[in-house]
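Enquirer: Mind having a look at this structure? Questions to follow.
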Amino acid sequence: MTIEWITIGAYFGFLLILGFFFSKLNRNLSDYIRGGAQATWWLAGTSALMGGISAFTFTGNAAAAFQAGPVMLTVYLGNCIGLLLCWLFVAARLRQTRAYTTADIIRQRFGPEAESISVVFGVVLAPVNAAIQLWALSTFLSAVFGLPILPTIVTIGSVVLVYSTTGGRWAVMATDFLQSLILLPVTLLLAYLALRYVGGWEGFMVYWSDPSIQQDFKFIKEPGEFSGDRFTLGWIGAVLILQVSTFISMNTAGRFLSVKDGREASRSALLSLVLMTAGAVVWVLPAIVARFRFEEKVMAVGLDNPAEAAYSIAALELLPNGLVGLMIVAMLAATMSSMDTGLNSMTGAIVRNLIQPARQLYGAKGLSDKANVWVCRLVTTLLGGTIICYAIIMATQNSFELFDAFLILNSTIGLPLGIPLIAGLFIKRLPRSSYFVMIGICALPSIYTYWDGAINDNMWSMQERTFLICAAALLSLLVCMPFYRYSADSYKSRVDKLFVLMRTPVDFTTEIGESRDHQQLQVLGTAALVAGLFLSLFIFLPNPLWGRLSIGFVAGFVLFVGLFLRWIAGRQLRKNAG
């Protein structure tokens with residue numbers, strides 16, 4: 001494990017260095033929570049992709065692929081459809097609100113009461129969600145790779161906390177980009193090695209034709225084959241609804257408020273779409289091959305659900321010496337990118353949408369730019385510390401009560417909270433009160449399903465609950481829309497201005513002015529070159545020829561991206577000089 005520890009240590013070092021470097025760019029609140037709206041499309045696009053995946057991609061999703069085959073592609077299909085709609089209709093509109101945070105848009109659309117409630121719910125749910133991801137990943141790494149749980153929780157949480165606190169949104173995007181440079185080539189290589197191991201597509205289809213595999217891997221399952229009627233036609237429909245809704249809501253605004261204008265926002269969504277489409281097959285294939293060739297080893301892992309180790313067992317069996325550490329790093333990257341994005345978004349909402357209004361309410365003077373940055377750092381530190389403590393509590397308990405409570409809370413509140421944020425983005429004729437009315441109506445069936453399950457021992461499936469909430473959402477629209485005519489003229493005028501603003505392109509030169517394109521290209525190009533040179537040293541580890549070539553591919557990919565970014569930066573500099 002020596003080379004693995006060196007790899008993980010070097011990776012953490014890179015992230016911390018980037019965090020400290022980008023701390024110099026945080027001059028005011030806008031810089032800290034949205035990168036001053038100066039991020040390029042390629043930086044925001046890779047950050048959005050990394051923020052949208054987690055270790056669950058390589059554990060829960062891989063387990064489903066191991067057990068049920070290609071039906072898991074429906075999850076990624078939902079993501080791709082959502083990103084397609086986001087690229088075509090949503091990304092530019094959200095950037096053109098000129099908002100700093102998602103809560104800003106909620107205030108513009110529904111008023112300050114809705115703004116405050118949305119932030120309060122976020123403060124309650126977001127740290128628990130991040131802690132569960134951190135705890136689950138640490139437990140998994142302990143079972144599969146032998147890493148100690150509590151030190152892993154503290155180390156990962158502390159690294160994310162340090163670079164997120166020092167560098168703000170700039171550090172979040174930069175580290176996400178560096179993490180993507182590792183995640184993409186390593187997972188692509190593992191998919192190729194997995195396919196090669198079973199004899200290419202021809203050999204893959206031979207395994208696929210095995211009667212037991214065909215039975216388990218049929219695309220649509222019959223009710224009762226899996227618990228909760230998973231992988232049935234209804235389950236597929238519900239998954240598509242849930243995944244698509246994630247990308248067409250005001251809640252997705254954080255992905256695009258950092259970019260320069262609406263056009264760049266659309267480009268970043270398109271980049272995320274392309275990467276997600278490629279990743280769909282790449283991330284599912286190794287788990288399926290693990291079912292073909294490594295089933296006994298997977299089932300021998302000491303996890304409650306051993307299938308969650310399918311992807312990692314494939315990595316341990318197939319990757320050459322030196323790249324297992326990079327696979328661990330890729331899994332760390334998936335979780336850390338979700339954590340840092342959530343930390344930064346939550347900090348922005350607390351400082352801008354809770355602390356600032358509270359100070360104004362009590363007549364306090366506005367804080368200086370420097371003071372706002374320090375308040376952001378303090379809030380990020382407190383949130384990060386809370387996440388680490390929650391994760392430690394989860395890891396040291398003997399039951400799943402806290403985890404179960406979160407799932408109930410998230411299912412009961414999370415989905416209903418999202419309904420008005422979708423409707424309000426596209427439907428103008430919704431009264432101010434519709435935010436609360438829609439949440440209330442959509443929460444009723446969710447609460448009822450849990451009550452019915454607890455009292456009558458009648459467990460509702462995820463798809464039944466989802467379809468019932470969707471029906472309630474349609475009902476809530478029918479209830480709310482007729483009351484728009486009775487809205488105050490001031491509210492109607494504000495909504496009209498918002499919808500006009502969302503269609504009005506951002507004039508970057510006039511509204512923002514300063515461009516940092518060259519700086520992003522130069523710094524991240526240099527970071528990629530350093531990372532690529534470090535990975536190149538792994539070629540000297542004892543490996544067969546194919547292993548050295550595999551390492552050369554990963555290192556070469558990172559080096560190529562670094563050289564390309566530096567070349568673009570140099571060309572841009574020469575153009576400006578000329």
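Enquirer: All other residues with a Cβ under 13 Å from the Cβ of GLY254 taken together, and with Lys, Arg as +1 and Asp, Glu as -1, what is their net charge?
Expert: Numbers: positive: ARG34, ARG95, ARG169, ARG255, ARG352; negative: ASP104, ASP176, ASP340.
Counting the neighbours of GLY254, the net charge comes to +2.
Enquirer: Right, something else. Go through ILE156, ALA253, SER180 and say which Cα lies farthest out towards the positive end of the charge dipole of the chain; charges sit on Cβ, +1 for Lys and Arg, -1 for Asp and Glu.
Expert: Value: ALA253.
Enquirer: Obtain the nm distance between the two label points defined at ARG98 and PHE121 by a simple spin-label model: each point lies 7 Å from its Cα along the Cα-to-C-beta direction.
Expert: 2.8 nm
Enquirer: Then there's this: Lysines within cross-link reach of LYS297: Cα-Cα under 25 Å, excluding same-chain residues under 8 positions apart?
Expert: Reachable lysines: LYS218.
Enquirer: Calculate, in nm to one decimal, what LYS370 and LEU150 gain on full extension: separation in residues at 0.36 nm each, minus their alpha carbon distance.
Expert: Working: separation 220, 0.36 × 220 = 79.20 nm, distance 3.55 nm.
75.7 nm is the gain from fully extending LYS370 to LEU150.
Enquirer: Ok, one more. For region 516-578, calculate the relative contact order in percent as a whole number, restricting contacts to Cα pairs under 8 Å that are 6 or more residues apart. Working shown, then result.
Expert: Values: 55 pairs, mean separation 30.8, N = 63.
Relative contact order here is 49 percent.
Enquirer: Taking chymotrypsin sites (Phe, Trp or Tyr not before Pro) as candidate sites, keep only those in a DSSP loop with at most 12 other Cβ atoms within 10 Å, then name the longest stretch of the chain containing none of them. Before the final figure, lay out the partial values.
Expert: Numbers: sites that count: TYR362, PHE400.
By the stated rule (loop sites, at most 12 other Cβ atoms within 10 Å), 1-361.
Enquirer: For a quick check of your reading of the filter: which trypsin sites (Lys or Arg not before Pro) in region 331-385 sit in a DSSP loop and have no more than 16 other Cβ atoms within 10 Å?
Expert: Values: sites: ARG352, ARG359, LYS365, LYS370, ARG377; in loops: LYS365.
Sparse-neighbourhood loop trypsin sites (Lys or Arg not before Pro): LYS365.
Enquirer: Same structure again: Using Stokes-Einstein with the Kirkwood hydrodynamic radius over Cα pairs, what translational diffusion coefficient do you get for region 118-174 at 10 °C and a viscosity of 1.306 mPa s, in µm²/s rounded to a whole number?
Expert: Numbers: Rh = 12.7 Å.
Approximately 125 µm²/s, per Stokes-Einstein.
Enquirer: If each residue of separation counts as 0.36 nm, what is the full-extension length gain between TYR448 and LYS24 once their alpha-carbon separation is subtracted?
Expert: On the way: separation 424, 0.36 × 424 = 152.64 nm, distance 5.09 nm.
Contour length minus Cα-Cα distance gives 147.5 nm.
Enquirer: Run the numbers for ILE6 and SER212: contour at 0.36 nm per residue of separation, minus the present Cα-Cα distance, in nm.
Expert: Details: separation 206, 0.36 × 206 = 74.16 nm, distance 4.22 nm.
Taking 0.36 nm per residue and subtracting the Cα distance, the gain is 69.9 nm.
Enquirer: Over all directions, the average projected area of the alpha-carbon convex hull for region 1-131 comes to how many nm²?
Expert: Computing the convex hull of the Cα atoms and averaging its projections yields 11.7 nm².
Enquirer: Excluding LEU541 itself, calculate the net charge of residues whose Cβ lies under 12 Å from the Cβ of LEU541, where each Lys or Arg counts +1 and each Asp or Glu counts -1. Intermediate results must be reported in sequence, preceding the final value.
Expert: On the way: positive: ARG548; negative: GLU4.
That sum, taken over residues with Cβ under 12 Å, equals 0.
Enquirer: For semi-axes √(5λ) of the Cα gyration tensor in Å, pick the label among [x] 52, 24, 23; [y] 37, 26, 25; [z] 37, 32, 22 that corresponds to the value derived from the coordinates.
Expert: Of the labelled values, this structure produces [z].
Enquirer: Determine the shape class of region 278-392: with a ≥ b ≥ c the square roots of the Cα gyration tensor eigenvalues, call it rounded for a/c under 1.5, and otherwise prolate if a/b is greater than b/c, oblate otherwise.
Expert: Details: a/c = 3.67, a/b = 3.23, b/c = 1.14.
Prolate, because a/c is 1.5 or more and a/b exceeds b/c.
Enquirer: Next question, about the same structure. Tell me the trypsin sites (Lys or Arg not before Pro) within region 95-180 that lie in a loop according to DSSP and have at most 16 other beta-carbon atoms within 10 Å.
Expert: On the way: sites: ARG95, ARG98, ARG107, ARG109, ARG169; in loops: ARG98.
Sites meeting the loop and neighbour criteria: ARG98.
Enquirer: Would you work out the relative contact order for the chain, in percent, from Cα pairs under 8 angstrom that are 6 or more residues apart?
Expert: Values: 846 pairs, mean separation 162.1, N = 578.
Once normalised by length, the contact order is 28 percent.
Enquirer: Here's something else I'd like to know. Give me the distance in nm between label points sitting 7 Å out from Cα along the Cα-to-Cβ direction at PHE564 and LEU382, one decimal.
Expert: 4.3 nm
Enquirer: Pairs to check: LYS260/LYS497; LYS24/LYS575; LYS370/LYS497; LYS370/LYS428. Give those whose C-alpha atoms are more than 29 Å from each other in this structure.
Expert: Values: LYS260/LYS497 21 Å; LYS24/LYS575 26 Å; LYS370/LYS497 32 Å; LYS370/LYS428 38 Å.
Checking Cα-Cα distances, LYS370/LYS497; LYS370/LYS428 exceed 29 Å.
Coordinate-derived values only; no laboratory data. Predicted, not measured: the structure shown is a model, and the values here were computed from it. Reconstructed Cβ throughout: ideal geometry from the backbone, glycine too, with neighbour counts over all protein chains shown.
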